[in-house]
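The values are calculated or read from the model by the stated rules, or taken from the named source; none is laboratory data. Bear in mind that the values here come from a model prediction, so they are computed numbers and not experimental data. When we count neighbours, we look across all protein chains shown, and the Cβ atoms used for this are built from the backbone with ideal geometry, even at glycine. Heads up: the accessible areas ignore ligands, DNA and RNA and are worked out on the full protein's heavy atoms, side chains in. Shrake-Rupley method; radii C 1.70, N 1.55, O 1.52, S 1.80 Å.
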Amino acid sequence: MNDIDEPLERVMVTLDDAGLSRVDEVVAELRQAGMEVEEVIAPVGTITGSVPPESLDAVQGVPGVDFVEAQIAAFQIPDPDEDLQ
Amino acid sequence: MTEPQDTQHGGTTGRYLVLMEDHAVDAGTRQMGDVAGIRAASNADTEDAEVDFQDTDGLVLRELGIAVVNADPDQLAALDRAVHEPGPLSLVEPERRVYAISALPADEPLAVDESQFTWGMQAVRAQLSQATGEGIRVAVLDTGFDVNHPDFAGRSVTTSSFIQGEDVQDGHGHGTHCIGTACGPRDPAQKPGYGMAYKSEIFAGKVLSNRGSGTDGGILAGIAWAITNGCPIVSMSLGAATRPGDPYSRTYESAANRAMAQGTLIIAAAGNESRRQNGRINPVGHPANCPSIMAVGAVDVNMAMAWFSCGTVDEIGQVDIVGPGVDVYSSWPAPLGHNRISGTSMATPHVAGIAALIAQATGARAWELWARLSQIARRLPLPSTDVGSGLVQAP
């Protein structure tokens, strides 16, 4: 079930279509599984938040969850006075 | 072979390369003298490959079996006859001029007249298009927008900030520049015109802070906002560098597919991490490396690859199309008003703006819009791994 092999804190939980069709229930189950839900981004089917490492399997196992990815390191563009943007 | 009259044009030097048959360098050197009176020095006799072409007719590169020679039209004709007969000479062709990709100084005057329109607009032929982008909503997810910029007076602008504690006002400049290229005026008070879809509806989503930083959560929320608002096009001049072999994000790929299913095409910058002058091509960044996000590379005014433009390194994560991305003039927050900068960030809104023109002209959305962008792109004599289907073109 869980294809993530390192501890994560901030995650993106993407739902399958079935999960997306009952998103409120899935969010409740994610919370029960230990996820601190930040934002439900329904149009793209992804829920952001934080998960303690020991709860990852439970989050991944919630029915309706397609997969879980770590939030990638912050995006950063150069300072305004740089020529290359 | 190439006609002699071509030799002073198209990047040739006026000299010729004479290819000799294997193991026939001495015989070939003698025959150049016999048939054409060309006496070429051998690099075996010189300290290095430097040779003064004033003193000799050419240089024989022994290891390569190639001579670089000066030849007048009569001598060229004689060489041409010789290669068509059995003997040690096998081929004659004009010597081409080659440049390091970064050889063009940044302050060299542009080769294109920008008194009316930016070089980028002319390169994508937007100034000739009947399409305006009217009725098409273009979401630009970036550092926000200078909502008081005089070039955008009277325009339809919808804004939302996904950065905690910051309103949409652009405290950086990057977002205002990108919105200018995608949606800015074609005929501003102060020339040149620089905007592609100059009657489109602007949706400025702030997902990068005034200091230029953002997170996946904010960017995904911005994409969702664009979908909910019925924007057929999302322009994202942002990304994070990747390494060869890195997988693409399944989250963004899923988001892009769900966006497509709702009529929204996401267009993103390939990234600026290449250093082509050093022979280094870096892979397309995140999230442009997702298969269902259109990845945009950059070319310069001479239709050469921008030295920084990321390329296709892995089987996935390809560059899909290119746009003008070097010395791009567009809007900037006050007091500057306008600014000229470079990056795949600048190429991306060219493609997004042209996508809006195509969306208006044809009604195409999502994958059909992607297909039309690719289909009418101008093919370039550059590797598809660098330019995808080529230079974006207005309908």
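Looking across segment B:45-72, the residues that are modelled with pLDDT of 85 or more and either among the β-branched types (Val, Ile, Thr) or touching a Cys at 6+ places or on another chain (Cβ under 9 Å) (or both) come down to B:60, B:66, B:68, B:69.
Answer yes if at least one residue in segment B:204-216 is over 22 Å from residue B:121 (Cβ atoms) and more than 11 Å from every other protein chain (Cβ to nearest Cβ), and no otherwise. For segment B:204-216, residues over 22 Å from residue B:121 (Cβ atoms) and more than 11 Å from every other protein chain (Cβ to nearest Cβ): present. Evaluation of residue B:272 against the conditions (1) assigned to a loop (DSSP other than H, G, I, E, B); (2) closer than 18 Å to residue B:215 by Cα; (3) within 11 Å of chain A (Cβ to nearest Cβ) shows that the sole unmet condition is (2). Of all residues in segment B:250-268, those satisfying the criterion of being within 12 Å of chain A (Cβ to nearest Cβ) and open to solvent by less than 10 Å² (accessible area, probe 1.4 Å) are B:251, B:252, B:255, B:256, B:259, B:264, B:266, B:268.
On the basis of being at pLDDT 80 or above and not assigned by TED's automatic domain parsing to the domain that holds residue B:303, does residue B:75 make the cut? So residue B:75 passes the test. The set of residues from segment B:120-175 being away from chain A (no Cβ under 14 Å) and touching a Leu at 6+ places or on another chain (Cβ under 6 Å) comprises B:129, B:131, B:133. Have a look at B:129, B:156 and point out the one that is modelled with pLDDT of 95 or more and more than 24 Å from the chain's Cα centre (by Cα). After ruling out the rest, the residue left standing is B:156. When the helices (runs of 4 or more DSSP H) confined to segment B:282-395 are screened for residues that are within 14 Å of chain A (Cβ to nearest Cβ), those reaching at least 3 such residues are found at B:344-362. Of all residue pairs spaced 6 or more apart or on separate chains, those with beta-carbon atoms under 8 Å, a first member in segment A:12-36 that is within 13 Å of chain B (Cβ to nearest Cβ) and free of Cβ contacts under 8 Å to residues at least 60 places away in the same chain and a second member that is charged (D, E, K, R) and surrounded by 16 or more Cβ atoms within 10 Å (Cβ to Cβ) are A:12/A:69; A:12/B:216; A:14/A:66; A:14/A:69; A:14/B:250; A:15/A:66; A:16/A:66; A:19/A:66.
Kindly check whether there is at least one residue in segment B:316-333 that is farther than 22 Å from residue B:116 by Cα, open to solvent by 10 Å² or more (accessible area, probe 1.4 Å) and under 17 Å from the mean Cα position of the chain (by Cα). Yes: one or more hits. The single condition among (1) more than 8 Å from every other protein chain (Cβ to nearest Cβ); (2) open to solvent by less than 10 Å² (accessible area, probe 1.4 Å); (3) within 26 Å of the chain's Cα centre (by Cα) that residue B:245 does not satisfy is (2). Determine if segment B:350-371 includes at least one residue that is under 14 Å from the mean Cα position of the chain (by Cα) and touching a residue at least 24 places away in the same chain (Cβ under 8 Å). Scanning segment B:350-371, I find at least one residue that is under 14 Å from the mean Cα position of the chain (by Cα) and touching a residue at least 24 places away in the same chain (Cβ under 8 Å), so the answer is yes. Confirm whether residue A:72 is under 24 Å from residue B:259 (Cα atoms) and at the interface with chain B (Cβ under 7 Å from one of its Cβ atoms). Criteria met by residue A:72. Number of residues in segment B:160-198 that are hydroxyl-bearing (Ser, Thr, Tyr), over 13 Å from residue B:354 (Cα atoms) and buried (at least 24 other Cβ atoms within 10 Å of the Cβ) equals 1.
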